[in-house]
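A quick write-up on the structure given underneath.
The values are calculated or read from the model by the stated rules, or taken from the named source; none is laboratory data. Everything numeric here is computed off the predicted structure, so don't read it as measured data. Cβ: placed from backbone, ideal geometry, glycine included. Neighbour counts: every protein chain shown.
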């Protein structure tokens, strides 16, 4: 550990900062590899600068000098979502937790420094909500909490709002997009819907980003909020290639194929329904694992959940719900309760008959649920799957 003042005292006073060209590489991050081998994305000086400017905008993260940023994302996770650059550019203060991301450490940092802005994956957000249930935790210092990396459940959005009055801004982005792409700020005209309705959406593209949906032949589909297709992106800080890797992830006209499936409405709001590798096709009908997970997380007994496809002789695929539960009671009673809970909220054919109760669900290095590892465990019979359809 080196004190900042000591670092300055030992630093040369005549250091000349290099002035690279704007297209020179400024950094490299790798995709998390949840659907394949990790791929390198090089960020240029130009894209990093533009991304930092965009994240200072009022309708994005509004990073400013008065902010105290609790810096939770790691640098290897898409440049910590760009906050080191927009924060330094703005003159904001930063709280640097390093590896101390456990609940008791975060509690101390929040109580002592009262940060105004942070970003985290939903796993960490859920940890903070559970920590508050064990011992009161005051998060009212935050003007916003940005969450992304995977879909943010409505229970978390409403829990943070109801307990502390803090808005959760859901974001969808990728390593390939530096990562800011779309953000779920509600529009000024809610059109009769609740704020939660809009915050649950993946978001609307920030200026500098374009989104379109296409069919299997690459033809553009209508943005009517109903038609489902693959989401494609292009923009000022969206990569055009991977590092030393040939890839079919780019369309002939230069759009990034995200591998995500969703809809775009007339106002430009994007709603992811699934990853192309995660969507479940049962008897010719699509089942969204993201929506099914969101509903299951509303049940008080469910702490974590991941839904993946289970091979089925009759229906080709059925949903398998992998559950972490706080309920220590009879498993059959719990699963019956969950099925009844779902029956009141989703279509009947969505309700899983395959279940797996675990103490934990595998995560990637950045805290996202690792469905790739779950599918591998299922294929090798490592998951203790039980059938329960009553």
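For region 195-202, does any single residue satisfy the condition of being in a loop (DSSP other than H, G, I, E, B), touching a strand residue (DSSP E or B) at 6+ places or on another chain (Cβ under 9 Å) and under 30 Å from residue 49 (Cβ atoms)? Checking region 195-202: at least one residue is in a loop (DSSP other than H, G, I, E, B), touching a strand residue (DSSP E or B) at 6+ places or on another chain (Cβ under 9 Å) and under 30 Å from residue 49 (Cβ atoms). Checking 178, 140, 154 one by one, the residue that is touching a residue at least 24 places away in the same chain (Cβ under 8 Å), within 16 Å of residue 271 (Cβ to Cβ) and touching a helix residue (DSSP H, G or I) at 6+ places or on another chain (Cβ under 7 Å) is 154 and no other. Going by what's in this entry, would residue 204 be described as over 20 Å from the mean Cα position of the chain (by Cα), modelled with pLDDT of 95 or more and at negative phi? Here the answer is no, as residue 204 does not meet what is asked.
Here are the criteria: (1) in a strand (DSSP E or B); (2) crowded, with 19+ Cβ neighbours inside 10 Å. Tell me which single one residue 210 does not satisfy. Residue 210 satisfies all of (1) in a strand (DSSP E or B); (2) crowded, with 19+ Cβ neighbours inside 10 Å except (2). Annotation for region 226-241: no member residue is part of a strand (DSSP E or B), over 30 Å from residue 45 (Cα atoms) and more than 22 Å from the chain's Cα centre (by Cα).
When region 332-381 is filtered for residues that are in contact (Cβ under 8 Å) with a residue 60 or more places away in the chain and over 15 Å from residue 292 (Cβ atoms), the ones remaining, listed by number, are 363, 364, 365, 366, 367, 368, 370, 372, 375, 378. Entry remark, region 14-69: residues being assigned to a helix (DSSP H, G or I) and either outside the structural domain of residue 97 (by TED's automatic domain parsing) or under 13 Å from residue 86 (Cα atoms) (or both) number 9 in total.
Looking only at residues in region 281-304 that are free of Cβ contacts under 8 Å to residues at least 40 places away in the same chain, over 23 Å from residue 222 (Cα atoms) and over 20 Å from the mean Cα position of the chain (by Cα), the one that is surrounded by the most Cβ atoms within 10 Å (Cβ to Cβ) is 301.
Listed here are the residues, each with its yes/no results for (1) in contact with a strand residue (DSSP E or B) (Cβ under 9 Å, 6 or more places away or on another chain); (2) in contact (Cβ under 8 Å) with a residue 24 or more places away in the chain; (3) closer than 26 Å to residue 297 by Cβ.
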{"residue": "94", "(1), (2), (3)": "yes, yes, no"}
{"residue": "98", "(1), (2), (3)": "no, no, no"}
{"residue": "103", "(1), (2), (3)": "no, yes, yes"}
{"residue": "119", "(1), (2), (3)": "yes, yes, yes"}
{"residue": "122", "(1), (2), (3)": "yes, yes, yes"}
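When 270, 238 are screened for being modelled with pLDDT of 95 or more, under 29 Å from residue 322 (Cα atoms) and surrounded by 17 or more Cβ atoms within 10 Å (Cβ to Cβ), only 270 passes. I need the full set of residues from region 19-37 which are modelled with pLDDT under 90 and out of contact with any helix residue (DSSP H, G or I) (no Cβ under 9 Å at 6 or more places or on another chain), in order please. Result: 37, single match. Do we have any residue at all in region 382-389 that's surrounded by fewer than 16 Cβ atoms within 10 Å (Cβ to Cβ), without any contact (Cβ under 8 Å) to a residue 60 or more places away in the chain and either farther than 26 Å from residue 286 by Cβ or under 25 Å from the mean Cα position of the chain (by Cα) (or both)? Yes, because at least one residue in region 382-389 is surrounded by fewer than 16 Cβ atoms within 10 Å (Cβ to Cβ), without any contact (Cβ under 8 Å) to a residue 60 or more places away in the chain and either farther than 26 Å from residue 286 by Cβ or under 25 Å from the mean Cα position of the chain (by Cα) (or both).
Reported count of residues in region 248-266, each being surrounded by 11 or more Cβ atoms within 10 Å (Cβ to Cβ) and out of contact with any strand residue (DSSP E or B) (no Cβ under 7 Å at 6 or more places or on another chain), is 1. Within region 360-374, the residues that satisfy the criterion of being at pLDDT 90 or above and out of contact with any strand residue (DSSP E or B) (no Cβ under 7 Å at 6 or more places or on another chain) are 362, 373.
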